[in-house]
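Take a look at the structure set out below.
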Amino acid sequence: MKFTWFNLMPWPYLPDDFRERYHSVWVDIPNRLYDPEKGHFLYHRYMDQLEYADALGFDGIGVNEHHQNGYGLMPSPNLIAAGLARRTSRAAIAVIGNSLALYNPPIRVAEEFAMLDVLSGGRLLAGFPVGTSMDTNYCYGQIPALTRDKYAEAHELVMRAWQSEEPFAFDGKYNQLRYVNLWPRPIQKPHPPVYIPGGGSIETWDFCLDHDYNYSYLSFTGYLRGKKLLDGYWERVAKRGKDESPYRAAFAQTICVGETDQEAEELYAEHVSYFYNRCLHVYLGFADAPGYRTIKTIQANVLNALSEEFQSLFSTLTWKQLVDDGYIIAGSPKTVRHRMEEMIKGLRIGHVFGLFHIGDMPDWKSRHSSKLFAEQVMPHLRDVWPEWRDDDRWWCKPLPYRARPEEGLEAARQHARKPQ
Amino acid sequence: MKTTAIETARGARVRVLEAGSGAPVVFLHGAGGLLPDNPFLDQLAARYRVLAPEFPGYGESTGEEFLDDMLDFALHGWDVVDALGLRRPHLVGHSMGGMIAAEMACVAPRDLDKLVLVAAAGLWIDEHPIPDLFSFLPHEYAQTLFHDRAAGEALLTGGLDLRNPNALMEFYIAHTKRMGMAGKILFPIPNRRLAKRLYRLTAPTLLVWGKSDRLIGPVYADRFQSLIRNSTLQLIDEAGHMLPYEQPDAFVTAVTRFLD
């Protein structure tokens with residue numbers, strides 16, 4: 001099993017009556033609610049947490065891309081990843097990811113990801129989401145019905161750019177480039193492992209299987225509901241005659257570990273409530289621009305986490321419901337271990353993207369939970385899939401000898417203190 | 001009205017509502033498509049040969065994949081006129097259909113007789129932003145599109161029982177197909193630079209607007225009038241954006257007076 005520590009980087013200062021007073025946490029949330037001075041400290045706190053996760057022994061540290069969003073302060077996850085690459089040396093850096101259709105030209109993604117891969121010594125996991133409708137259509141103005149086509153072309157361009165050793169011309173429908181010539185090139189060959197985060201578009205499954213990419217299901221409704229969707233994915237895997245390595249799939253899960261079940265509730269309940277109440281207060285009209293989903297996906301009637309049903313539910317969920325219904329995995333190390341195992345086996349996943357910082361959680365609680373998980377949960381779950389132990393197709397392959405800039409800082413300080 | 005299916009030279013299969021005889025009048029519908037009942041078309045058919053094609057993605061018309069951008073839509077409009085074997089028809093376009101009709105008239109100004117733009121899309125005025133139709137929830141349409149909200153709601157659902165999950169799914173899929181297509185020329189801002197081409201529009205043009213249009217307000221009618229040299233404006237009382245449906249008599253009177 002591979003465990004990646006994820007931080008969505010929520011804004012923790014949304015007012016108590018946010019839900020009543022404001023239209024949406026995403027797209028048109030008034031930016032006067034953002035205070036850049038607080039933001040300064042917050043970025044450093046969140047990046048420190050990601051670095052702490054590396055020190056705790058998590059396999060990966062993860063960031064993602066959202067725009068105009070009160071629960072995701074990373075319009076550019078690549079900037080954060082670059083900072084992490086300098087101050088960590090071991091964990092994979094999972095950028096899940098860059099929304100390809102938003103970059104003009106998308107060769108920018110090939111370049112920045114190559115930079116990150118080189119900077120980190122080959123530790124990049126490269127995520128290529130189509131992007132939510134909120135980000136892609138409403139914030140970045142992409143035409144809904146053309147988004148997937150544009151994404152597909154951008155994907156082709158990036159993959160060719162990563163693998164070509166000669167300049168080439170690209171005559172696309174959305175991008176025309178006379179000279180595509182990637183400089184720098186990524187360390188990992190033939191390219192960094194690719195993760196495709198999906199929210200439930202069934203076309204995404206075939207896309208992942210066509211290219212042998214990891215399918216990462218990201219939802220906030222937990223593993224019990226995620227099962228329906230991942231069962232569909234595994235059926236597709238079988239139908240396509242692909243091997244059933246659990247490392248083909250990843251799942252994002254909110255996780256809260258306390259010394260006891262009771263401590264977990266006492267410490268984390270209010271922050272989880274902040275997340276579900278305020279951070280998921282997304283105006284329904286922004287959830288799904290007409291044309292963004294294909295008719296096939298709509299007909300498959302897959303769960304939409306932003307449906308009216310969920311929206312009203314989110315505001316009333318109690319801690320007990322959240323835990324019992326599997327929205328979150330929370331409790332003592334023993335409880336969490338048990339539930340994690342149930343989730344991992346139930347969904348057949350090799351990668352967990354664990355959300356350990358939730359809502360407006362203070363720094364120490366996030367660290368407390370992460371540490372308990374790293375020390376008392378993670379070691380017991382390492383070998384859930386013994387028959388696939390050596391399957392590293394979806395993991396990064398760093399250089400064996402890498403620069404250690406994080407150690408250089410202290411050396412430089414000592415050098416500076418020496419009398420000349 | 002009877003329906004016929006035609007195929008354009010490009011390969012789109014288009015359903016056309018047709019009735020009447022006389023000078024050909026091509027009616028181009030808005031982003032929501034034709035409603036189950038279109039009484040103003042029946043009334044116009046008393047004097048003209050009325051042809052109302054449905055765009056790909058609307059009703060039973062297919063060929064969405066052929067249309068990506070504004071030029072595609074405008075050329076598709078002329079492809080339909082050609083497939084119907086019409087010569088110099090009058091063009092009447094409502095909302096998105098008005099935007100397309102205006103583009104058609106700019107692309108081929110000598111191929112039409114007269115032009116009627118009804119609450120047409122296609123321009124953008126920063127001081128008067130058009131509400132974002134694409135983020136509307138179902139209950140928000142009627143209040144924005146109609147002068148009389150309650151009457152509008154009944155017209156939009158066309159008697160469909162949306163409490164029935166199957167009916168709701170069917171409606172949602174049709175709506176997604178329609179608005180997905182409309183988004184290609186209307187999203188995120190319904191402006192594909194028509195303004196810089198309107199100098200080419202030489203056909204006599206009537207602008208018809210509802211006085212209480214809350215989607216594309218009458219201020220847009222004034223802007224169209226200033227950009228189209230040979231144009232006149234007719235405002236209609238107690239009518240919103242869906243004025244042909246809301247005030248069919250006044251609409252037909254205005255159009256007939258202009259075309260005759």
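The values are calculated or read from the model by the stated rules, or taken from the named source; none is laboratory data. Keep in mind it's a predicted model, so treat the numbers as computed, not measured. For neighbour counting, all protein chains shown are included, and Cβ atoms are generated from backbone atoms with ideal geometry for every residue, glycine included. Just the protein is used for accessible areas: all its heavy atoms, side chains included, with ligands, DNA and RNA removed. Shrake-Rupley method; radii C 1.70, N 1.55, O 1.52, S 1.80 Å.
Residue pairs whose Cβ atoms lie under 6 Å apart, separated by 6 or more positions or on different chains, with the first residue in the stretch A:172-191 and without any contact (Cβ under 8 Å) to a residue 60 or more places away in the chain and more than 22 Å from A:TYR401 (Cα to Cα) and the second among the hydrophobic types (A, V, I, L, M, F, W, C) and open to solvent by less than 80 Å² (accessible area, probe 1.4 Å), are A:ARG178/A:ALA169.
Per-residue answers, yes or no, for (1) open to solvent by 20 Å² or more (accessible area, probe 1.4 Å); (2) in contact (Cβ under 8 Å) with a residue 60 or more places away in the chain; (3) among the small types (Gly, Ala, Ser); (4) within 14 Å of another protein chain (Cβ to nearest Cβ):
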| site | (1), (2), (3), (4) |
| --- | --- |
| B:ILE189 | yes, yes, no, yes |
| B:ARG197 | yes, yes, no, no |
| B:THR202 | yes, yes, no, no |
| B:TRP209 | no, yes, no, no |
| B:ASP213 | no, yes, no, no |
| B:PHE224 | no, yes, no, no |
| B:ILE236 | no, no, no, no |
| B:LEU243 | no, yes, no, no |
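Assuming B:ASP69 fulfils every condition listed in (1) open to solvent by 10 Å² or more (accessible area, probe 1.4 Å); (2) away from every other protein chain (no Cβ under 14 Å); (3) in contact (Cβ under 8 Å) with a residue 12 or more places away in the chain apart from one, which condition is it? Against the list (1) open to solvent by 10 Å² or more (accessible area, probe 1.4 Å); (2) away from every other protein chain (no Cβ under 14 Å); (3) in contact (Cβ under 8 Å) with a residue 12 or more places away in the chain, B:ASP69 comes up short only on (2).
Each row is one residue, and each column tells you yes or no for (1) open to solvent by less than 60 Å² (accessible area, probe 1.4 Å); (2) in contact with an Asp or Glu (Cβ under 9 Å, 6 or more places away or on another chain); (3) of a type outside the set (Phe, Trp, Tyr); (4) assigned to a loop (DSSP other than H, G, I, E, B).
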residue: B:PRO131; (1), (2), (3), (4): yes, yes, yes, yes
residue: B:HIS147; (1), (2), (3), (4): no, yes, yes, yes
residue: B:GLY152; (1), (2), (3), (4): yes, yes, yes, no
residue: B:LEU160; (1), (2), (3), (4): no, yes, yes, yes
residue: B:ARG163; (1), (2), (3), (4): no, no, yes, yes
residue: B:MET181; (1), (2), (3), (4): yes, yes, yes, no
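Do the conditions hold for A:ARG19, that is, is it in contact (Cβ under 8 Å) with a residue 24 or more places away in the chain and touching a Lys or Arg at 6+ places or on another chain (Cβ under 7 Å)? Here the answer is yes, as A:ARG19 does meet what is asked.
Sub-6 Å Cβ pairs linking a first residue in the stretch B:161-185 that is at the interface with chain A (Cβ under 8 Å from one of its Cβ atoms) and in contact (Cβ under 8 Å) with a residue 60 or more places away in the chain to a second residue that is open to solvent by 30 Å² or more (accessible area, probe 1.4 Å) and in a helix (DSSP H, G or I), at least 6 apart or interchain, are B:GLY180/A:ALA145; B:MET181/B:GLU64; B:LYS184/A:ALA145, ordered by first then second residue. Within the stretch A:1-46, the set of residues being open to solvent by 60 Å² or more (accessible area, probe 1.4 Å) and assigned to a loop (DSSP other than H, G, I, E, B) comprises A:TYR13, A:ASP16, A:HIS23, A:ASP28, A:TYR34.
Condition (residue is part of a helix (DSSP H, G or I) and either in contact with a Lys or Arg (Cβ under 9 Å, 6 or more places away or on another chain) or closer than 20 Å to B:LYS196 by Cα (or both)) applied to the stretch B:30-52: is it met by at least one residue? No; the residues of the stretch B:30-52 include none that is part of a helix (DSSP H, G or I) and either in contact with a Lys or Arg (Cβ under 9 Å, 6 or more places away or on another chain) or closer than 20 Å to B:LYS196 by Cα (or both). For the stretch A:79-94, indicate whether the set of residues that are on the phi > 0 side of the Ramachandran plot and over 12 Å from the mean Cα position of the chain (by Cα) is non-empty. Within the stretch A:79-94 (the criterion being on the phi > 0 side of the Ramachandran plot and over 12 Å from the mean Cα position of the chain (by Cα)), the answer is no, since none of the residues qualifies.
With the structure loaded, tell me whether B:HIS147 is within 14 Å of another protein chain (Cβ to nearest Cβ), closer than 27 Å to B:GLU246 by Cβ and out of contact with any His (no Cβ under 8 Å at 6 or more places or on another chain) or whether it fails that test. Against the criterion (within 14 Å of another protein chain (Cβ to nearest Cβ), closer than 27 Å to B:GLU246 by Cβ and out of contact with any His (no Cβ under 8 Å at 6 or more places or on another chain)), B:HIS147 does not qualify.
Just wondering, is there one or more residues in the stretch A:355-366 that are assigned to a strand (DSSP E or B) and not hydroxyl-bearing (Ser, Thr, Tyr)?
Yes, the stretch A:355-366 contains at least one residue that is assigned to a strand (DSSP E or B) and not hydroxyl-bearing (Ser, Thr, Tyr).
Residues in the stretch A:216-240 that are in a helix (DSSP H, G or I), within 19 Å of the chain's Cα centre (by Cα) and within 17 Å of A:MET340 (Cβ to Cβ): A:GLY222, A:TYR223, A:ARG225, A:GLY226, A:LYS227, A:LEU230.
Filtered by the rule that a residue be at pLDDT below 95, open to solvent by 60 Å² or more (accessible area, probe 1.4 Å) and part of a helix (DSSP H, G or I), the stretch A:372-410 gives A:GLU407, A:LEU409, A:GLU410. Under the condition of being within 17 Å of A:PHE356 (Cα to Cα), loosely packed, with under 15 Cβ neighbours inside 10 Å and touching a Leu at 6+ places or on another chain (Cβ under 9 Å), the residues counted in the stretch A:222-265 number 1. Could you tell me whether the stretch B:100-112 includes any residue that is away from every other protein chain (no Cβ under 14 Å), over 25 Å from B:THR176 (Cβ atoms), open to solvent by 30 Å² or more (accessible area, probe 1.4 Å) and part of a loop (DSSP other than H, G, I, E, B)? No, there is no match, as no residue in the stretch B:100-112 is away from every other protein chain (no Cβ under 14 Å), over 25 Å from B:THR176 (Cβ atoms), open to solvent by 30 Å² or more (accessible area, probe 1.4 Å) and part of a loop (DSSP other than H, G, I, E, B).
Taking B:LEU123 and the conditions (1) free of Cβ contacts under 8 Å to residues at least 40 places away in the same chain; (2) in a loop (DSSP other than H, G, I, E, B), which numbered condition does it fall short on, given that it satisfies the others? Evaluating B:LEU123 over (1) free of Cβ contacts under 8 Å to residues at least 40 places away in the same chain; (2) in a loop (DSSP other than H, G, I, E, B) leaves (1) as the failure. The residues of the stretch A:96-111 that are part of a helix (DSSP H, G or I) and under 18 Å from the mean Cα position of the chain (by Cα), listed by number, are A:LEU100, A:ALA101, A:LEU102, A:VAL109. Just checking, does the stretch A:133-147 include any residue being on the phi > 0 side of the Ramachandran plot, outside any helix (DSSP H, G or I) and within 14 Å of chain B (Cβ to nearest Cβ)? The answer is yes; a qualifying residue exists.
Taken over the stretch A:148-159, the criterion of being in contact with a helix residue (DSSP H, G or I) (Cβ under 7 Å, 6 or more places away or on another chain) and either modelled with pLDDT under 95 or within 11 Å of chain B (Cβ to nearest Cβ) (or both) is satisfied by A:LYS150 alone.
If I filter the stretch A:276-285 down to residues being under 20 Å from A:TRP11 (Cα atoms) and open to solvent by 10 Å² or more (accessible area, probe 1.4 Å), which single residue comes out as nearest to the other protein chains (Cβ to nearest Cβ)?
Top of the filtered list is A:TYR283.
Any idea how many residues of the stretch A:293-305 are facing chain B (nearest Cβ under 8 Å), at pLDDT 80 or above and in a loop (DSSP other than H, G, I, E, B)? Summing the residues that are facing chain B (nearest Cβ under 8 Å), at pLDDT 80 or above and in a loop (DSSP other than H, G, I, E, B) in the stretch A:293-305 gives 1.
With the structure loaded, tell me whether A:ALA152 is small (Gly, Ala, Ser), in a helix (DSSP H, G or I), open to solvent by 10 Å² or more (accessible area, probe 1.4 Å) and more than 23 Å from A:VAL180 (Cα to Cα) or whether it fails that test. Against the criterion (small (Gly, Ala, Ser), in a helix (DSSP H, G or I), open to solvent by 10 Å² or more (accessible area, probe 1.4 Å) and more than 23 Å from A:VAL180 (Cα to Cα)), A:ALA152 does not qualify.
Hey, can you tell me all the residues within the stretch A:217-263 that are of a type in the set (Ser, Thr, Tyr) and at pLDDT below 90? Selection gives A:SER219, A:THR221, A:TYR223.
Look at (1) crowded, with 22+ Cβ neighbours inside 10 Å; (2) within 14 Å of chain A (Cβ to nearest Cβ); (3) out of contact with any Leu (no Cβ under 7 Å at 6 or more places or on another chain) and you find that B:MET96 fails only one, number (3).
If you check B:ALA45, B:ALA52 for being under 13 Å from the mean Cα position of the chain (by Cα) and buried (at least 19 other Cβ atoms within 10 Å of the Cβ), only one passes: B:ALA52. Criterion first (surrounded by fewer than 17 Cβ atoms within 10 Å (Cβ to Cβ) and over 16 Å from the mean Cα position of the chain (by Cα)) does B:ALA5 satisfy it? Considered against the rule, which asks whether it is surrounded by fewer than 17 Cβ atoms within 10 Å (Cβ to Cβ) and over 16 Å from the mean Cα position of the chain (by Cα), B:ALA5 comes out as yes.
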